[in-house]
Amino acid sequence: MTTSTSKRVCIVGASGKLGRYMIRHCLDRGYEVVGVCRPESVGKLADFEGQICIEPGRTDDREVIARAVRGCDGVLTVLVPFGVRDYSSGTAGAVLDLAEPGARLVFSCGWHITRDGKDVYSLGFRLLLTFFTWLARLLRFADIDDQVRACDRIFASDRDWTVVRGSDLEEGESEGLPVWSEHVGDPILASNRTRRVDFARFMVHALTDEALVRKVPAIVSRQSASALSYSSTETVSLA
Ligand SMILES: NC(=O)c1ccc[n+]([C@@H]2O[C@H](COP(=O)([O-])OP(=O)(O)OC[C@H]3O[C@@H](n4cnc5c(N)ncnc54)[C@H](OP(=O)(O)O)[C@@H]3O)[C@@H](O)[C@H]2O)c1
């Protein structure tokens, strides 16, 4: 996807915090925006009235996604594993199956997703993930493993996808485009913090960065201590 102002982008999960930041970044770049969000959340997009098209519906509803992605050059998808009915994998599958041929597909997730098994996690991170996965499933609140299944489906696809793995998120003013690395555990990522507005910036940036096609970048704020103290290597983008 080029940066031409005539581009049309669909944001799946537009009414969340990340989604609304992505809308703003897309509008700033002159993109036409179509947003998909649950019907009960349409009011959260009131600030954008008249500036975007809204397609109300669940993000795993294939009819909704088919309408929303029609004519779109790029699709930004917020992958969330709410409930225990394969919401994430249903959403990812619908986007992969129904987006226009050649569209750039960018998905969000957390650091726990690994593509090649070479990510290195601290014991604390693994224990917390195991506990949260168990508790969320017990309460039928979320199925973290479904986000894993969603990403496995993306990794198996030959479409032009990028899966952006966010660190711990915080609110606040932008600190610029985050830096990224191939694997969690790489020293540059040690600070484990990114402003949510910049996570959104990176997602939108990925639409036009060919170097990120079929990559799984793990991101961290470029102003974080680990990013500032680390000198660039082949696996790190400071662009
Ligand atoms: N939070 C973190 O610390 C963190 C860290 C790393 C990565 N990430 C990743 O960042 C992305 C966004 O996460 P976020 O925490 O910033 O959240 P967010 O942007 O506020 O997005 C939450 C999304 O979940 C939807 N949602 C909420 N309750 C739901 C339900 N019961 N059923 C279906 N959908 C529901 C929301 O839709 P409505 O507007 O309709 O409620 C919204 O689209 C995710 O891909 C996540 O894996 C988050």
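A compact table of results
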read-out: Failed condition for R8, given (1) closer than 22 Å to F202 by Cα; (2) touching a Gly at 6+ places or on another chain (Cβ under 9 Å); (3) within 13 Å of the ligand (Cβ to nearest atom); value: (3)
read-out: Only one of D47, D60 that is modelled with pLDDT of 95 or more, within 14 Å of the ligand (Cβ to nearest atom), among the acidic types (D, E) and buried (at least 20 other Cβ atoms within 10 Å of the Cβ); value: D60
read-out: Filter pass, G83 being more than 16 Å from the ligand (Cβ to nearest atom), on the phi > 0 side of the Ramachandran plot and not charged (D, E, K, R); value: no
read-out: Filtered residues of region 162-184 (kept if within 14 Å of the ligand (Cβ to nearest atom) and surrounded by 15 or more Cβ atoms within 10 Å (Cβ to Cβ)); value: T162, V163, V164, R165, G166, S167, L169, P178, W180, V184
read-out: Condition met for L96 (more than 10 Å from the ligand (Cβ to nearest atom), under 30 Å from L128 (Cα atoms), among the hydrophobic types (A, V, I, L, M, F, W, C) and modelled with pLDDT of 95 or more); value: no
read-out: Close pairs from region 192-209: first closer than 15 Å to L76 by Cα and modelled with pLDDT of 95 or more, partner more than 13 Å from the ligand (Cβ to nearest atom) and assigned to a helix (DSSP H, G or I), Cβ under 6 Å, at least 6 apart; value: A200/H25; R201/H25; V204/H25; V204/C26; A206/L212
read-out: S15 vs. criteria touching a strand residue (DSSP E or B) at 6+ places or on another chain (Cβ under 9 Å), away from the ligand (no atom under 13 Å from the Cβ) and in a loop (DSSP other than H, G, I, E, B); value: no
read-out: Unmet criterion (only one of (1) under 19 Å from V9 (Cβ atoms); (2) touching a residue at least 60 places away in the same chain (Cβ under 8 Å); (3) surrounded by fewer than 19 Cβ atoms within 10 Å (Cβ to Cβ)) for C53; value: (2)
read-out: Members of region 18-44 found to be in a loop (DSSP other than H, G, I, E, B), more than 13 Å from the ligand (Cβ to nearest atom) and charged (D, E, K, R), listed by number; value: R29
read-out: Condition check for R137: in a helix (DSSP H, G or I), away from the ligand (no atom under 13 Å from the Cβ) and within 13 Å of P81 (Cβ to Cβ); value: yes
read-out: Check on E55, closer than 20 Å to A103 by Cβ, more than 9 Å from the ligand (Cβ to nearest atom) and assigned to a helix (DSSP H, G or I); value: no
read-out: Per-region count, region 81-129, residues closer than 16 Å to R67 by Cα, out of contact with any strand residue (DSSP E or B) (no Cβ under 8 Å at 6 or more places or on another chain) and among the aliphatic types (A, V, I, L, M); value: 2
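The values are calculated or read from the model by the stated rules, or taken from the named source; none is laboratory data. What you see is a predicted model; the values in this text were computed from it and never measured. When we count neighbours, we look across all protein chains shown, and the Cβ atoms used for this are built from the backbone with ideal geometry, even at glycine.
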